[in-house]
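The values are calculated or read from the model by the stated rules, or taken from the named source; none is laboratory data. What you see is a predicted model; the values in this text were computed from it and never measured. Counting neighbours? That spans all protein chains shown, and the Cβs are built from the backbone with ideal geometry, glycine included. These area figures cover heavy atoms from the full protein model, side chains too; ligands, DNA and RNA do not enter into them. Shrake-Rupley method; radii C 1.70, N 1.55, O 1.52, S 1.80 Å.
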Amino acid sequence: MSRIGNAHIVLPAGVSVEIKNNVITVKGPKGTLSQSYDPVITPKAEGSVLSFTRSGEDGAVKAKHGLYRALAANMVKGVTEGFKKSLVVNGVGWKVAKQGKKIVLNVGFSHPVEVEEVEGITLDCPSQTEITVSGISKEKVGQFAAMVRGIREPEPYHGYGIRYSDEVIERKVGKASGSKG
């Protein structure tokens, strides 16, 4: 846990960090992100390097040391590159389409399901069976992608459902119809 906290974060060009009132604010070309932190951790921005020190050696403080360093690294990556999650829709006749600022999913229900973009999240449909969720906050992108996946979770018998593009669904064998006698 504490080994992650000891690593320094090198800030790319165009990224600035402000530390004030127990809040770290990272500004970059794609936007601005903020994160509050526990006072047992002390962040320090010197030039183009962001580092974190801890006030104690007990387990909870070491855990927070690694946590806040990882959150800050994700903020730096988010304001420079951004985050993206890809989802795949798998089912006979199932498809998705983008209409303005929302996507419409036809995924086996009696009605189409509409999902609106929220602030900080961009939805895209590169094909009829793919959805891309992107944004600068890793937390928001992951949460929104999980919400879209939850509309129709993949099932193990036929493989139908909405899954992450890198997710592997373990297929199960259906009920065997054997004769007794």
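General observations
- Inter-part distance where segment 48-84 and segment 96-162 are each reduced to a Cα centre, Å: 30
- Set of aspartates and glutamates with alpha-carbon distance to LYS172 below 17 Å, sequence-local pairs under 8 removed: GLU153, GLU155
- When you restrict to C-alpha pairs under 8 Å that are six or more residues apart and normalise by the size of the chain, the relative contact order lands at 18 percent.
- Heavy-atom SASA rank of MET147, MET75 (probe 1.4 Å, accessible area, largest first): MET147, MET75
- Helix 59-80 and the longest principal axis of the C-alpha atoms of the chain enclose an angle of approximately 80°.
- Diffusion of segment 1-144 by Stokes-Einstein, at 20 °C in a medium of 1.002 mPa s and with Rh set to the Kirkwood radius over alpha-carbon pairs, works out to 124 µm²/s.
- Among the lysines of segment 49-114, pairs at least eight places apart or on separate chains and with Cα atoms under 28 Å apart come to 16.
- The listed peptides 9-18, 130-139, ordered by packing as a protection proxy, come out as 130-139, 9-18 (highest mean of other Cβ atoms within 10 Å first).
- Translational diffusion of segment 36-97, estimated by Stokes-Einstein from the Kirkwood radius over alpha carbon pairs at 20 °C in a medium of 1.002 mPa s, is 146 µm² per second.
- Distance (nanometres) between label positions extended 7 Å along Cα→Cβ at GLU155 and GLN128: 2.2
- Debye log10 I(q)/I(0) for segment 1-86, one point scatterer per Cα, at q = 0.22 Å⁻¹: -1.02
- Crossing angle, helix 138-149 versus the chain [Cα axis fit, 0-90 degrees, rounded to tens]: 10
- Each of PHE144, ASN6, PHE109 was placed along the dipole of the chain (beta-carbon charges, centred on the mean Cα), and the one lying farthest toward the positive end is PHE109.
- Pairwise Cα inverse-distance average, inverted: Kirkwood Rh of segment 88-181 (Å): 14.6
- Cα-Cα pairs of segment 60-139 separated by more than 22 Å (percent): 41
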